[in-house]
Amino acid sequence: MLLVDIVLPGLVLGGMYALIALGLTLQYGVARIMNLSYGESLVAAAFGAFSLYSGLGLSPLAALLLAVPVAMLLNWLLYRFLLERLMRRSKDRGAQEIDSILVTFGVLFVIQGAMLVAFGGQYYSYSYLSIPLTIMGSTLAVNRLVALLFAALVGGAVYLALTRTRIGTAVRAIAVDANAARLVGIDVAALSGLAFAFGGGLVAVGGVLVSMFLTFNAAMGVVFTMKALVVVIMGGVGNVMGALVAGLLLGVVETAVARLVDPGLTLAATYALFLGVLLIRPTGLFGRAVS
Amino acid sequence: MFLANRRTLLRVTGLMAAATVLGAFASTAEAQEKIRIGYAISKTGPYAGGAGITTLPNYELWVKDVNAAGGIKVGDKKLPIEVVEYDDRSSSEEAVKAIERLANQDKVDFILSPWGTGLNLAVGPTLNRLGYPHLAVTSVTDKAPELAKRWSNATFWLGTSAQISEALADLLGKLKSEGKIGPNIAMVSIADQFGIELSAAGRAAFKKHGFTLAYDKTYPMGTQDLQPLLKDAIAANPDAFIAFSYPPDTIALTEQAQLLKFNPKIFYVGVGTAFPLYKGKFAANSDGVMGIGGWNADSPQLKDYLARHKAATGKEPDRWASSITYASLQVLQQAIEKVGKLDRAAVAAEIRSGTFDTIIGKVKLKDGLLQDIWGVGQWQNGEFYAVAPASLPGARAPVVPKAQWQ
């Protein structure tokens, strides 16, 4: 059935888009760091998973247990020793964004350079869980389904954590107005650092999972940064549920256009949808009203 | 104080001027001790993947080989190579700027070409104006014969899109006449110059051989899911599946074809099929897959090259343009040695007119183009053998139909 054959693979593709955007929505929306090195961090995690798999035979899913804490620690250190000073120095949100863009632009080249030295420029690819699974007549790859599953689970968990816990509420308060949050006794610096580190952990989840089915190289980070940005902005900056919905929507639309219209128009469809959403809701699907 | 300072300043300036003059002498004296060879290559950006496997390792291997042998013989002296390297960041402007810099500031004796059709066409006019020989190895374009006429310094080594597509169509036509495949072809191609030229040439060539294109679509660069494309291609029930694709798509198409149990008699994918990565990833399933390129894997020179490449870079070369890249450098070296001095115009003329001994055999260019080009290769028992054009020495018989995916 054509409809199932569009919706299911579309959701699976969209799950990947959501997965690679979740970390950015926390880092950009909550910690207010427009992290241009986002895609590079993602590719670094992919390289980590690849090395563990090809060197030690460690499954990428097991590698997550190692990659996520390491990524969180690295991101926390990055925030603590580099970004926090900037955040404190800049007066308003606009200045903070510009400063964070400049700094993470530099970080981008550091990460990329390190990967080039370690792995060179060529392509890497390995197969894990590349097993066909037929659901309602539509064949899907298990590794992509796993990515969708993780996107849903992680997205849901982060959403609940942000809306149902005390820390989550504090983090959202910072996202709305850091100065006001400080006035009610929230430790803005510590919690922003936590949110940034957590976002970094999510990047690692994305990188490890997409490495199971995408071919990657050290130069590919920008592709992921761009896609993540589209998803985050479309979903509403800082909104985890928005990123999830926007990612899935993009996946379904791309697949539908590829099957029903022409595969050559998928990129055009992506940007048409992006522009369409922004025209109707300038702050994104789930974004706050402009204040 | 001021006077003393001024005096010191004058003295320092004078010393510096003297040092510069001496330095200039020193460097002209030094220039005869070495051959300075420069290149700008994509170490970052979207072309880094291709440059990192096909071009850069061969530049490094060649420099290492030449220097280990004492250098290039110029007159009665052997001059070792000194390398000046830049990153063109996969950008045409950067590549052109780097070439200008190599010529005007670094004053290198020779410039090696960047990776890829786009960048080679971008730096072509500049290299021509500056008078450097241009070995445009990794460029596939139907404009090559015309460009070679316009740029007397330039040579093209991978054939034209039409040549590659015709080799494939000839092979398929022969298989059809033998009754091994039917007339249905599904073709997909990447929407950039490479894909557009090859698919346009393919369309014409397939038609000439009596094939029907049951499915013919392009897809944009960076497409992360090729399953929708493949499903419609499967629905067309083709005898041959042809993809003019780039490495990430080549890998993804093969993987998805296995998942979807798509077993056409011919499975042909584009750039990346000839990479060691492909064999490494798909192992036994790579057997029978056809792709662009190929080499005469039985040749002792190439076997030796494979071993040296592996020892020097830790990786196997790709089975299409790697060996030709290395051979082009051997041609450059022999041309310099035959001319006997660092005269760029004479070297460029010699490259075009001379005959050279290389790892891919005797090389003699015609009108600035390497003529004997492999169009189609096939993985057979872990090696990517050239199968078309069948008229070239060393061509293997293709295995058709491809065995089912395991």
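Every read-out reported here was derived from the displayed coordinates using simple, explicitly stated rules and does not represent laboratory data. All values derive from a computational prediction rather than experimental measurement. Using ideal geometry, Cβ is built from the backbone for each residue, glycine included, and neighbour counts are taken over all protein chains shown.
Worth pointing out:
- Rounded to the nearest 500, the 222 nm mean residue ellipticity of chain B from helices alone is -14500 deg cm²/dmol, with -39,500 (n - 2.57) taken per DSSP H run of at least 4 residues.
- Residue pairs, from the table B:LYS265/B:LYS362; B:LYS34/B:LYS143; B:LYS208/B:LYS261; B:LYS64/B:LYS338; B:LYS208/B:LYS362, whose Cα atoms sit over 26 Å apart: B:LYS265/B:LYS362; B:LYS34/B:LYS143; B:LYS208/B:LYS261; B:LYS208/B:LYS362
- Taking each DSSP H run with n ≥ 4 as -39500 (n - 2.57) and averaging over every residue of chain A yields -23500 deg cm²/dmol at 222 nm.
- Ordering B:PHE356, A:PHE196 from the fewest to the most neighbouring beta carbons within 10 Å gives B:PHE356, A:PHE196.
- Peptide-level mean, for A:217-223, of C-beta atoms on other protein chains within 10 Å: 6
- Neighbour cut-off at most 16 other Cβ (10 Å), DSSP loop, chymotrypsin sites (Phe, Trp or Tyr not before Pro), segment A:108-160: none
- Under 15 Å, Cβ to Cβ, from B:VAL347 - net charge with Lys/Arg +1 and Asp/Glu -1: +2
- Built amide H within the under 5 Å cut-off of B:LEU369, gap 5+: B:PHE156
- Size descriptors for segment A:31-110: radius of gyration and Dmax over Cα atoms are 15.1, 49 Å.
- Built amide H within the under 5 Å cut-off of B:VAL376, gap 5+: B:GLY293, B:VAL387, B:ALA388
- Put simply, when B:178-187, B:150-159 are sorted by average Cβ atoms within 10 angstrom per residue, most first, you get B:150-159, B:178-187.
- Cut-off 13 Å between beta-carbons: net charge of the residues surrounding A:ASN35, Lys and Arg +1, Asp and Glu -1: -2
- DSSP-defined antiparallel bridges as percent of all bridges, the protein assembly as shown, nearest 5: 40
- Size of segment B:250-384 from its Cα atoms: along the principal axes, largest to smallest, the extents are 59, 33, 23 Å.
- In segment B:312-406, Cα pairs under 8 Å separated by at least six residues give a relative contact order of 15 percent.
- For B:VAL289, the residues whose amide H sits under 5 Å from its own are B:TRP379, ignoring neighbours fewer than 5 places away on the same chain, with H placed 1.01 Å from N.
- Here the Karplus curve 6.51 cos²θ - 1.76 cosθ + 1.60, taken at θ = phi - 60°, turns the phi angles of segment A:24-32 into couplings of 5, 5, 6, 5, 7, x, 9, 7, 6 Hz, with x standing for Gly and Pro.
- Net charge of Cβ neighbours under 15 Å - reference B:GLU178; Lys, Arg +1; Asp, Glu -1: +2
- Rounded, prolate or oblate (a/c below 1.5 giving rounded, otherwise prolate when a/b exceeds b/c) for the protein assembly as shown by Cα gyration tensor: oblate
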